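Each remark here refers to the structure printed beneath this line.
The values are calculated or read from the model by the stated rules, or taken from the named source; none is laboratory data. If you're wondering where the values come from, they're calculated on a predicted model, not measured in any experiment. Cβ coordinates were reconstructed from backbone atoms using ideal geometry, including for glycine residues, and neighbour counts include every protein chain displayed.
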Amino acid sequence: MVSCLGLVDPISQETWLFDATPDFKDQLHLLTHSNNKQELPLSGIFLTHAHIGHYTGLMQLGREAMGAKNIPVYAMPRMKNFLANNGPWSQLVKLNNIALQNLAADTTIQLNERLKVQAIEVPHRDEFSETVGFKIIGSDKSALFIPDIDKWHLWNRDIKEEIASIDYAFLDGTFYKNGEIPNRDMSEIPHPFMEESLNLFQTLPKEERNKVHFIHFNHTNPVLQVNSTAQKEVEQAACHIAKEKSIFAL
């Protein structure tokens, strides 16, 4: 399925999604039935940006589908404006299927006494909105979620320092290397190639590299192939290839 994260508080029985992908209905079912005893409520959705793999699942909340009521959707200013002023998304707002919530870069939102979320702006193809990643901070551990970024060196932060400051790093692994997509200029769809990231991270101690979980794989990425050279190179670098339904404690 298309890449996203789910967040569950087993004490309060609340759940949140980070991005609303085209696979929203299946991912929502996995998230809200993660308790195995009762269906949990969806407490909100955090959006990274306005590219189709990251927000179009919101359509499932509309009148033609779930007919949801005031689901909080956290979005940066341009993203919020995009949803409020462009159909069909504006109908979700008008009919109160979703309730848009303000996000601001580097500002922390307190979800409850155990969980906090901070939006972090990153450089990306921002045709319709800003792009953000998120820090998710729990009682004991924290995670960094960056599914999309142009290149690490274009960011005004040092990704190696960011990795050192958290416990889990879920990072853009869209493409493994240049030339992966035939007959396409890959500079038009910029991402840090996994080869570049592995080379950048090689100076980190092993325990730091072990925090890295690559996500957001394009179907052309050879790390999806079992026992491929690319997969082995990631393992040898002490990093990880994220797998669906993996659970990480915060």
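Given the structure, is Gly53 in contact with a Lys or Arg (Cβ under 8 Å, 6 or more places away or on another chain), surrounded by 15 or more Cβ atoms within 10 Å (Cβ to Cβ) and under 27 Å from Ile189 (Cβ atoms)?
no
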Residue count for the stretch 212-246, restricted to those that are hydrophobic (A, V, I, L, M, F, W, C), in contact (Cβ under 8 Å) with a residue 40 or more places away in the chain and either out of contact with any strand residue (DSSP E or B) (no Cβ under 6 Å at 6 or more places or on another chain) or in a loop (DSSP other than H, G, I, E, B) (or both): 4
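When you look at Phe128, is it of a type in the set (Phe, Trp, Tyr), more than 16 Å from the chain's Cα centre (by Cα) and surrounded by 21 or more Cβ atoms within 10 Å (Cβ to Cβ), yes or no?
Here the answer is no, as Phe128 does not meet what is asked.
From the list Asn70, Asn102, Asn96, which one is on the phi > 0 side of the Ramachandran plot, at pLDDT 95 or above and touching a Lys or Arg at 6+ places or on another chain (Cβ under 9 Å)?
That would be Asn96, the only listed residue that is on the phi > 0 side of the Ramachandran plot, at pLDDT 95 or above and touching a Lys or Arg at 6+ places or on another chain (Cβ under 9 Å).
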Any hit, the stretch 150-165, residues being among the β-branched types (Val, Ile, Thr) and within 15 Å of the chain's Cα centre (by Cα): no
All positions within the stretch 126-147 that are at pLDDT 95 or above, acidic (Asp, Glu) and under 25 Å from Thr56 (Cβ atoms): Glu130
Enumeration of residues in the stretch 143-202 that are assigned to a helix (DSSP H, G or I) and within 22 Å of Thr229 (Cβ to Cβ): Met186, Met194, Glu195, Glu196, Ser197, Leu198, Asn199, Leu200, Phe201
Residue list for the stretch 92-125, filter: surrounded by 13 or more Cβ atoms within 10 Å (Cβ to Cβ) and part of a helix (DSSP H, G or I): Leu92, Val93
Residue in the stretch 16-30 that is surrounded by 13 or more Cβ atoms within 10 Å (Cβ to Cβ), within 17 Å of Asn112 (Cβ to Cβ), touching an Asp or Glu at 6+ places or on another chain (Cβ under 9 Å) and not basic (Lys, Arg) present: yes
Residue check for Asp140: among the acidic types (Asp, Glu) and under 18 Å from the mean Cα position of the chain (by Cα): no
Any pair with Cβ under 8 angstrom, 6 or more apart, that starts in the stretch 75-87 at a residue that is surrounded by 21 or more Cβ atoms within 10 Å (Cβ to Cβ) and ends at one that is charged (D, E, K, R): Met76/Glu121; Met76/Glu130; Met79/Glu130
